[in-house]
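See structure below.
The values are calculated or read from the model by the stated rules, or taken from the named source; none is laboratory data. Worth saying up front: this structure is predicted, and the values here are computed from it rather than measured. Methodologically, a virtual Cβ is constructed for each residue, glycine included, from the backbone with ideal geometry; neighbour enumeration extends over all protein chains shown. Surface accessibility is based on the protein's heavy atoms, side chains included, excluding ligands, DNA and RNA. Shrake-Rupley method; radii C 1.70, N 1.55, O 1.52, S 1.80 Å.
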Amino acid sequence: MRNTARWAATLALTAAAVCAPLSHGASAAPSGDASALHAPSALVLTLGRGESAAAVTPERAVTLTCAPEASGTHPAAAAACGELAEVGGDLRALAAAEGVFCTRQYDPVVVTADGVWQGRRVSYERTFPNECVMNAHGSGVLTF
């Protein structure tokens with residue numbers, strides 16, 4: 001049941017994140033607007049404590065829209081979109097920041113991302129050993 005609720009919430013948030021900018025752009029943008037030419041880039045990111053997304057209930061969830069412009073409920077949308085652009089939307093390519101030292105305490109944190117990046121479907125799940133290690137990877141994207 002938890003997994004069904006998670007997917008339903010993710011689907012609803014993804015639909016809202018993708019469709020809201022598109023409907024706004026269609027009604028407010030002139031026909032020659034360059035932003036209408038960009039494929040949508042919108043993600044729903046969730047965070048939960050545990051070892052797999054199927055076994056945890058998300059504690060936090062944010063939306064991140066990067067095209068046509070940075071927006072959403074993510075606290076640092078512009079920085080997160082910049083980091084994602086650097087890695088071509090591949091969250092697996094986010095590297096740990098150098099000089100960050102974390103304890104070896106095992107308190108697993110699961111991060112998921114579902115949505116689209118430049119019109120291409122994205123589905124990501126990663127378990128980090130603790131929140132410090134998670135924050136060291138993609139400091140702007142995963143810090144929410």
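A few points about this structure:
- Residue pairs whose Cβ atoms lie under 6 Å apart, separated by 6 or more positions or on different chains, with the first residue in the range 123-144 and closer than 11 Å to THR112 by Cβ and the second acidic (Asp, Glu), are SER123/ASP114; THR127/GLU51.
- Subset of the range 102-123 that is out of contact with any Ser or Thr (no Cβ under 6 Å at 6 or more places or on another chain) and crowded, with 21+ Cβ neighbours inside 10 Å - its residue that is nearest to ALA80 (Cα to Cα): ALA113
- For the range 49-76, a residue qualifies if it is part of a strand (DSSP E or B), touching a Leu at 6+ places or on another chain (Cβ under 7 Å) and open to solvent by less than 40 Å² (accessible area, probe 1.4 Å), and the qualifying residues are VAL62, THR63, LEU64, CYS66.
- Filtered by the rule that a residue be open to solvent by 30 Å² or more (accessible area, probe 1.4 Å) and part of a strand (DSSP E or B), the range 124-136 gives GLU125, ARG126, THR127.
- Single match in THR10, THR14 (criterion: in a helix (DSSP H, G or I), modelled with pLDDT under 90, in contact with a Gly (Cβ under 6 Å, 6 or more places away or on another chain) and not charged (D, E, K, R)): THR14
- Residue in the range 64-73 that is polar (S, T, N, Q), on the phi > 0 side of the Ramachandran plot and in contact with a His (Cβ under 9 Å, 6 or more places away or on another chain) present: no
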